[in-house]
1. What accessible area per residue, rounded to a whole number of Å², is obtained for the chain using a probe radius of 1.4 Å?
2. Please compute, over every Cα-Cα pair in region 170-216, the percentage with a separation greater than 14 angstrom.
3. Distance between Cα centroids, region 182-217 to region 88-137: provide it in whole Å.
4. Sorted by accessible area with a 1.4 angstrom probe, largest first, how do 153, 185, 118 fall?
5. How many lysine pairs are close in the chain, with Cα atoms under 23 Å apart and the two 8 or more places apart or on different chains?
6. Check which residues have an amide H placed less than 5 Å from residue 61's amide H, if you skip close sequence neighbours.
7. Using a 1.4 angstrom probe on the protein heavy atoms only, line up 108, 115 by accessible area, largest first.
8. Viscosity 1.002 mPa s, temperature 20 °C: what is the translational diffusion coefficient of the chain from Stokes-Einstein with a Kirkwood Rh over Cα pairs, rounded to a whole number of µm²/s?
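The values are calculated or read from the model by the stated rules, or taken from the named source; none is laboratory data. Model, not experiment: these values are computed from the prediction. Every residue, glycine as well, gets a Cβ built from its backbone with ideal geometry; the counts of neighbours run over all protein chains shown. With ligands, DNA and RNA removed, areas are computed over all heavy atoms of the protein, side chains included. Shrake-Rupley method; radii C 1.70, N 1.55, O 1.52, S 1.80 Å.
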Amino acid sequence: MKLFPVLVMLTACAARPQDLSGKMFTFPLQSNTAHVRLNASRLDFSSLTLCHRSFTDLKRDHVLFSLATPAHSNDFLIFWDYTNNEIESHIKDRKAEFGGRDYKPNMWHSICTTWDSESGLVQIWFDGLPSIRKFVSTGTNIIGPVIIMLGQEQDSHGGGFDIKQSFVGMMSDVHLWDHILSSCEIQNYVDELNFTPGNVLNWSALEFEIIDRVLIENKLMTCH
């Protein structure tokens, strides 16, 4: 199947809502600059659900989602630890580690993460399979201003990128909610059925800025 590049941005562009249904961000090379900044109006979160799909062949650590505030560079970070073969969910600079995930290269994976400040519990859903719930951080909300990025891991608020933690591959269907989704809603997302889009980040009406070499392309589909 041919890919049709839609847009390549070498510098930041003005953000405006776009419907990216059927599209994906392609991060074609290892870099300490290329990323997509996602704009969200919310500045205060007592709970979160994040879902996204990714496709990569990286054989090293890499970032999957990075939300930073001035107080915490890892206020909400999803990270793949290649050495230990586990997904890390960082909340307010504290992390929970989830092993035993079959994170195969060169195929799409759906990953959803939930966190609630009241209980302090975080849980991941990897290709529709839930993990155990683990305690990370409780008692305080994630309070902005927030900077949300795909492609780079923030070691400071909006910066501090490490090329060896950058993402190379494709990402699609990024949604963020300010509440915990039910297991049925998460399964609907995984199965690409009807679900309520994210009310913080909505892939069908996404405000974003592309910095450096990131492309928007038609999502890879399997021919039948």
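1. The answer is 45 Å² per residue.
2. Details: 613 of 1081 pairs.
Beyond 14 Å sits 57 percent of the P(r) for region 170-216.
3. 17
4. On the way: 153 10, 185 75, 118 160 Å².
Descending accessible area places them as 118, 185, 153.
5. Final tally of qualifying lysine pairs is 15.
6. Under 5 Å from the amide H of residue 61: 82, 83.
7. On the way: 108 60, 115 0 Å².
Descending order: 108, 115.
8. D = 123 µm²/s.
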